[in-house]
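Worksheet: the structure to be examined is printed underneath.
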Amino acid sequence: MITELGHFALILAFGIAIVQMVIPMIGAHRNNPGWMGVAEPAAIAQFLLVAFAFGALTWAFVTSDFSLNLVYANSHTDKPMIYKISGVWGNHEGSMLLWLLILTLFGASAAVFGDNLPARLRARVLAVQGSIGVAFFAFILFTSNPFLRLAVPPLNGRDLNPLLQDPGLAFHPPFLYLGYVGLSMAFSFAVAALIEGKVDAAWARWVRPWTLAAWVFLTLGIALGSWWAYYELGWGGFWFWDPVENASFMPWLIAAALLHSAIVVEKREALKSWTVLLAILAFGFSLLGTFIVRSGVLTSVHAFANDPERGVLILIILAVFLGGALTLFAVRANALESKGVFGTVSRESALVLNNVLLAVSCFVVFLGTIWPLVAEMLFGRTLSVGPPFFEAAFTPFMVALAVVLPIGSILAWKRGNLSRATKPILPWLVLAVALGALAYAVQTERSALGPIGVILGVWVVGGAIADLWLRSGRGGFAARLGRITRLPRADWGKACAHMGLGVTVFGIAAMMAWEVEDIRVAEIGDRWDVGQFAFTLDDVRQVEGPNYTTTMATLGIWRGDRQIGALNPEKRFYPVAKMPTTEADIRNGILRDIYVVIGDPQATGGYAVRVYVKPFANWIWGGALLMALGGFVSLSDRRLRIGAAAAKPKQAVPAE
């Protein structure tokens with residue numbers, strides 16, 4: 001009965017979404033407070049109804065209600081409880097319901113916390129948000145209903161994809177969706193502002209917290225997905241430039257550009273058109289990611305579905321919203337005239353360069369991701385664009401961004417002095433170059449990637465520290481240190497995020513440059529050296545898991561004549577899903593990871609064994625967490641959470 005109520009709640013929410021889309025927009029057009037006031041309760045009611053539907057589906061998974069087709073296809077009674085719950089969104093239909101839940105959550109949040117917004121703008125923002133909801137309610141109800149019943153319920157289910165039965169994948173999709181769908185708020189603000197014909201400092205102040213929240217969640221989601229790929233898939237890497245990985249990375253890049261561009265609008269009332277365009281494109285790339293994940297047009301191990309028909313419907317939704325918003329943008333372009341003027345050497349110019357680098361790097365990723373599809377459609381050729389292309393085409397833009405970032409953060413607004421700005425960070429440049437030279441001298445017969453990563457990492461982190469120190473003003477060390485602790489949280493958040501980027505850049509470069517790999521066939525009792533460590537294959541045995549069988553090995557780790565630990569990699573087989581998985585075992589450390597994988601038994605005897613020594617691997621995800629922490633610290637700044645910048649008096653362009 002509860003599942004029928006969940007289905008009915010979705011239908012009712014669909015009807016309310018239609019009301020929210022139409023009535024407040026007409027009310028804003030007529031300046032009718034009553035009609036505009038419909039938006040807030042409608043947004044809250046939508047969220048409550050979708051939350052009930054999501055809870056009903058979760059209950060069906062927890063209780064193993066195999067009368068639901070979705071539960072039968074993605075669950076099993078022997079599955080651990082955490083994976084029964086994560087099975088709710090470990091499939092196409094359930095993940096779309098999660099998509100809707102988060103969409104309505106953001107709409108309800110705007111309704112509850114948007115009291116400081118002008119009534120007409122608030123009504124239009126919620127109406128646009130409601131229109132997105134209408135599209136996806138229709139999609140899920142007519143093509144992807146999660147509440148379909150089976151005529152004859154089976155005794156047990158077919159189990160969840162074994163690759164998804166992992167804590168990292170249990171939390172990865174919710175965080176990723178909070179980022180994906182959170183960018184819908186920036187889109188709604190952009191379209192509402194275009195309808196009103198007014199973009200000013202107040203608008204930028206309102207849109208920044210929503211974009212920042214989405215960017216933070218997207219950062220965490222990407223980091224969790226990368227971490228899962230690193231330890232679960234057994235291939236030893238953290239990023240493969242897979243189409244679905246790229247689908248989440250592209251909106252992250254555009255959202256980062258949007259955050260920096262909105263600062264220029266808020267401070268100088270410049271880059272208005274560009275900022276609105278970025279807000280539209282950020283959500284457009286989120287919809288593109290949804291299309292890639294579900295259409296099956298591009299092959300990926302992360303794809304939720306392989307259904308071209310439903311993919312076409314998502315593509316239509318993308319075309320309607322992105323095409324409609326860009327058309328409105330073209331019509332309203334004259335209303336977005338920028339008032340601020342700034343010099344070539346200024347913080348504004350540095351932020352423009354930052355935006356160009358981020359946008360072009362996003363375009364490079366988009367081109368590499370979509371090119372195999374274009375080549376097949378237009379030229380009938382089957383092509384594969386892999387890591388070599390992305391690393392060669394994408395890396396230079398990130399290097400340039402890391403070089404520019406510390407200087408741009410210190411330059412003065414409107415008109416800066418380059419020599420004055422670089423003077424405080426010159427010691428960090430010297431330190432970065434010295435450490436890079438040391439790394440180059442220590443390493444033997446290796447590429448320059450590692451030393452360059454050291455230089456860029458120290459330069460970016462040092463630039464963030466120097467920026468904080470400059471903001472402490474003049475005086476003695478103790479006085480300046482005291483003033484630093486009293487700086488606004490937004491300043492601390494910015495420094496923390498920039499330092500996180502520097503740490504991640506260093507971690508990626510160090511791991512890729514200094515990794516040691518060994519692949520061999522080993523028999524029980526064998527000993528071999530990898531880097532400064534030695535390994536022994538001590539045992540291989542069969543073990544029964546809760547819903548799988550596994551071949552588990554024990555490898556001893558030695559340094560000289562002393563054993564310092566042991567690792568137990570596994571090769572699992574899930575009988576219900578009839579699918580094997582590789583479970584690496586990792587000895588994590590601050591300076592290095594020791595990563596081992598056991599393979600299949602060989603016809604000639606022994607087992608395939610892979611061993612990696614990965615320097616500074618955890619710095620990659622540590623830096624990502626530091627970036628996300630910086631975002632949360634900035635969001636806690638009262639200036640971002642409460643109130644909006646006062647809009648300057650200006651001649652408004654007629655809305656109609």
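The values are calculated or read from the model by the stated rules, or taken from the named source; none is laboratory data. Values in this document were obtained by computation on a predicted structure and should not be read as measured data. We place every Cβ from the backbone using ideal geometry, glycine too, and count neighbours over all the protein chains shown.
Pairing residues of segment 375-398 that are at pLDDT below 90 with residues that are among the β-branched types (Val, Ile, Thr), at Cβ distances under 7 Å and at least 6 apart in sequence or on separate chains, gives GLU376/THR382.
Against the condition farther than 30 Å from ARG347 by Cβ, within 23 Å of the chain's Cα centre (by Cα) and small (Gly, Ala, Ser), how does GLY368 come out, does it pass? Yes; evaluated as a whole, the condition is true for this residue.
The set of residues from segment 315-359 being in a helix (DSSP H, G or I) and of a type in the set (Asp, Glu) comprises just one member, GLU348. Meeting the requirement of 3 or more residues that are among the hydrophobic types (A, V, I, L, M, F, W, C) and closer than 28 Å to ALA577 by Cα, the helices (runs of 4 or more DSSP H) wholly within segment 18-124 are 39-62, 69-74, 81-86, 92-113.
For (1) over 33 Å from the mean Cα position of the chain (by Cα); (2) crowded, with 19+ Cβ neighbours inside 10 Å; (3) outside the structural domain of LEU405 (by TED's automatic domain parsing), each residue gets a yes or a no:
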| position | (1), (2), (3) |
| --- | --- |
| VAL460 | no, yes, yes |
| GLY463 | no, yes, yes |
| ARG474 | yes, no, yes |
| PHE477 | yes, no, yes |
| THR485 | no, no, yes |
| ALA490 | no, yes, yes |
| LYS494 | no, yes, yes |
| MET499 | no, yes, yes |
| ALA509 | no, yes, yes |
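Scanning segment 346-374 for residues that are at pLDDT below 90 and surrounded by fewer than 17 Cβ atoms within 10 Å (Cβ to Cβ) yields TRP371, LEU373, VAL374. Is there a residue being outside the structural domain of LEU103 (by TED's automatic domain parsing), within 30 Å of VAL516 (Cα to Cα) and either free of Cβ contacts under 8 Å to residues at least 60 places away in the same chain or not aliphatic (A, V, I, L, M) (or both) anywhere in segment 170-182? Yes, there is a match, as at least one residue in segment 170-182 is outside the structural domain of LEU103 (by TED's automatic domain parsing), within 30 Å of VAL516 (Cα to Cα) and either free of Cβ contacts under 8 Å to residues at least 60 places away in the same chain or not aliphatic (A, V, I, L, M) (or both). Looking across segment 534-573, the residues that are assigned to a loop (DSSP other than H, G, I, E, B) and touching a strand residue (DSSP E or B) at 6+ places or on another chain (Cβ under 9 Å) come down to GLY545, ASN547, TYR548, GLY560, ASN568, PRO569.
Within the bounds of segment 485-494, is there any residue that is basic (Lys, Arg) and closer than 21 Å to VAL399 by Cα? Scanning segment 485-494, I find at least one residue that is basic (Lys, Arg) and closer than 21 Å to VAL399 by Cα, so the answer is yes. Taken over segment 221-243, the criterion of being assigned to a helix (DSSP H, G or I), at pLDDT below 90 and surrounded by fewer than 21 Cβ atoms within 10 Å (Cβ to Cβ) is satisfied by TYR231, GLU232.
Starting from residues that are of a type in the set (A, V, I, L, M, F, W, C) and surrounded by fewer than 24 Cβ atoms within 10 Å (Cβ to Cβ), keep the ones in segment 260-279 and report whichever is farthest from ALA495 (Cα to Cα). Result: LEU277. A single entry from GLY284, GLY324 fulfils the requirement of being at pLDDT 90 or above and farther than 19 Å from THR369 by Cβ: GLY324. Taking the criterion of being surrounded by 16 or more Cβ atoms within 10 Å (Cβ to Cβ) and in contact with a Lys or Arg (Cβ under 7 Å, 6 or more places away or on another chain), the residues of segment 119-161 that qualify are SER144, ASP159, LEU160.
So that you can scan it fast, the table gives a plain yes or no per residue for (1) surrounded by fewer than 21 Cβ atoms within 10 Å (Cβ to Cβ); (2) of a type in the set (A, V, I, L, M, F, W, C); (3) not assigned by TED's automatic domain parsing to the domain that holds LEU141:
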residue	(1), (2), (3)
VAL71	no, yes, no
SER75	no, no, no
MET81	yes, yes, no
GLY87	no, no, no
GLY90	no, no, no
SER95	no, no, no
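Once segment 381-402 is narrowed to residues that are in contact with a Phe, Trp or Tyr (Cβ under 9 Å, 6 or more places away or on another chain) and surrounded by 15 or more Cβ atoms within 10 Å (Cβ to Cβ), the residue that is farthest from GLU266 (Cα to Cα) is VAL385.
Could you tell me whether segment 92-100 includes any residue that is hydroxyl-bearing (Ser, Thr, Tyr) and at pLDDT below 95? Checked against the condition, which is being hydroxyl-bearing (Ser, Thr, Tyr) and at pLDDT below 95, segment 92-100 yields at least one hit.
Scanning segment 1-18 for residues that are β-branched (Val, Ile, Thr) and either touching an Asp or Glu at 6+ places or on another chain (Cβ under 7 Å) or in contact (Cβ under 8 Å) with a residue 60 or more places away in the chain (or both) turns up THR3, ILE11, ILE18.
Residue check: is LEU57 at pLDDT 95 or above, in contact with a strand residue (DSSP E or B) (Cβ under 9 Å, 6 or more places away or on another chain) and either surrounded by 22 or more Cβ atoms within 10 Å (Cβ to Cβ) or not polar (S, T, N, Q) (or both)?
yes
Pairs meeting the criteria (first residue in segment 102-131 and farther than 13 Å from ILE195 by Cβ, second residue buried (at least 22 other Cβ atoms within 10 Å of the Cβ) and of a type in the set (D, E, K, R), beta carbons under 6 Å, at least 6 apart or on different chains) are GLY114/ARG122.
In segment 532-546 there is at least one residue matching the filter, namely being closer than 27 Å to ILE82 by Cβ, surrounded by fewer than 16 Cβ atoms within 10 Å (Cβ to Cβ) and among the acidic types (Asp, Glu).
When we screen GLY606, GLY556, GLY630, GLY643 for residues that are more than 30 Å from ASN161 (Cβ to Cβ), more than 25 Å from the chain's Cα centre (by Cα), modelled with pLDDT of 95 or more and not β-branched (Val, Ile, Thr), the only hit is GLY556. Checked against (1) closer than 25 Å to ILE370 by Cα; (2) modelled with pLDDT under 85; (3) out of contact with any Phe, Trp or Tyr (no Cβ under 9 Å at 6 or more places or on another chain), ALA319 passes all but condition (2). Here TRP227, TRP206 are screened, and the one residue that is among the aromatic types (Phe, Trp, Tyr), out of contact with any strand residue (DSSP E or B) (no Cβ under 7 Å at 6 or more places or on another chain) and more than 21 Å from ALA335 (Cα to Cα) is TRP227.
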